[in-house]
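Q: Here it is, the structure in full.
The values are calculated or read from the model by the stated rules, or taken from the named source; none is laboratory data. This one's a predicted model, so the numbers in the text were calculated from it and none came from an experiment. Neighbour counts run over all protein chains shown; Cβ positions are idealised from the backbone, glycine included. Areas reflect the complete protein model, heavy atoms only, side chains present, ligands, DNA and RNA absent. Shrake-Rupley method; radii C 1.70, N 1.55, O 1.52, S 1.80 Å.
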Amino acid sequence: MPAAVAGPEIERLIQLLARLPGLGPRSARRAALHLIKKREALMTPLSAALQVAIDKIQVCATCGNIDTQNPCTVCTDPRRDGSIIVVVADVADLWALERANATNGRYHVLGATLSPLDGVGPQDLTIDALVKRARDPQVSEIILALNATVDGQTTAHYITDLLQDANVKVTRLAHGVPVGGELEYVDGGTLAHALAGRTTVS
Ligand SMILES: [Zn+2]
């Protein structure tokens, strides 16, 4: 282990920062130094914001979203279309769809995808709650917005089977050539999916 360059309080700060996704030990040191230099402008408000977040963050009992209110902002927004539930694996996916302004529906956060190899089974996901929500007569469509990975598709199939007798349309995201993508650089699996899912233009 390299010798510490600073007191234990600063070393601890660096160690904690290094646990953030995308930050290795080097960038954690850089971030720590930046915070220390910008004590008033950044470190103090960051510390206060963290404390407020710790005190206020809740998981929405309806959809599994993370917010400072329960039910969450999305679930309580009257302008949202309550007939559509968009199923995502993680809150990060919900945020990505919201950033893209992709849907006006409500969400359901599973918490993960099924992964038999990692020991993640149906009981680890909020699937029971989803099935219950899907039986609400107001709900007419469940959109499975899950990753185009083996685990994501396994999860999609599992949920589709469970919803067979619920009175809802179950749809999934289209798989295909990304917007701005050039065919030459798209991988074979994606190309095959894009061709299989082709749509009529005239
Ligand atoms: Zn919610």
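Q: Can you give me the % of accessible surface on the chain that is carbon or sulfur? Probe 1.4 Å, all protein chains present, nothing else counted.
A: Using a 1.4 Å probe with all protein chains present, the chain comes out at 58 percent carbon and sulfur.
Q: Using modelled amide H (1.01 Å from N, peptide plane; none on Pro or chain starts), what sits under 5 Å from the amide H of H108, excluding residues fewer than 5 places away?
A: V86, V87, V88
Q: Can you give the Rg to Rh ratio for the range 109-197, taking only C-alpha atoms and Rh from Kirkwood?
A: 1.04
Q: Give me the distance in nm between label points sitting 7 Å out from Cα along the Cα-to-Cβ direction at Q58 and V150, one decimal.
A: About 4.0 nm separates the two model spin labels.
Q: Also, I was wondering about something else. With r as the distance between the Cβ atoms of I10 and R30 and R0 = 22 Å, compute the FRET efficiency 1/(1 + (r/R0)^6) and round to 0.05.
A: That pair, R30 with I10, gives E of 0.95.
Q: Calculate, axis by axis, the spread of Cα positions in the chain along the three principal axes, and write the results as whole Å, longest axis first.
A: Result, largest extent first: 65, 46, 37 Å.
Q: Keeping every protein chain present and rolling a 1.4 Å probe, give me the accessible area per residue for the chain in Å².
A: Working: 13580 Å² over 202 residues.
Spelled out: the 1.4 Å probe surface of the chain, per residue, equals 67 Å².
Q: Angle between the Cα long axis of helix 25-37 and the longest principal axis of the chain, 0 to 90 degrees, nearest 10?
A: 60
Q: Put a dot 7 Å past each Cα toward the Cβ at V201 and Y158; how far apart are the dots in nm?
A: Modelled inter-label distance: 3.9 nm.
Q: Rounding to the nearest 10 and keeping the result within 0 to 90°, find how far the Cα-based axis of helix 8-17 lies from the longest principal axis of the chain.
A: Rounded to the nearest ten degrees, it is 20.
Q: Follow-up question, since we're still on this one. Order these peptides, 7-16, 83-92, 123-132, by their mean beta-carbon neighbour count within 10 angstrom, highest first.
A: Sorting 7-16, 83-92, 123-132 by mean packing, highest first, produces 83-92, 123-132, 7-16.
Q: Something else about it: Through the Karplus equation 6.51 cos²θ - 1.76 cosθ + 1.60, θ set to phi - 60°, convert the phi angles of the range 147-164 into ³J(HN,Hα) values in whole Hz; use x for Gly and Pro.
A: 3J(HN,Hα) across the range 147-164, in whole Hz: 4, 7, 10, 4, 5, x, 6, 4, 4, 4, 5, 4, 5, 4, 4, 5, 8, 3.
Q: When the helices in the chain are scored as -39500 (n - 2.57) per DSSP H run of 4 or longer and the sum is shared across all residues, what 222 nm value do you end up with, to the nearest 500 deg cm²/dmol? Walk me through the numbers on the way to the answer.
A: Details: 8 runs with 79 residues, N = 202.
That calculation yields -11500 deg cm²/dmol at 222 nm.
Q: To continue, here is another question. What does the charge count around A18 come to, taking other residues whose C-beta lies under 14 Å from its C-beta (Lys +1, Arg +1, Asp -1, Glu -1)?
A: +4
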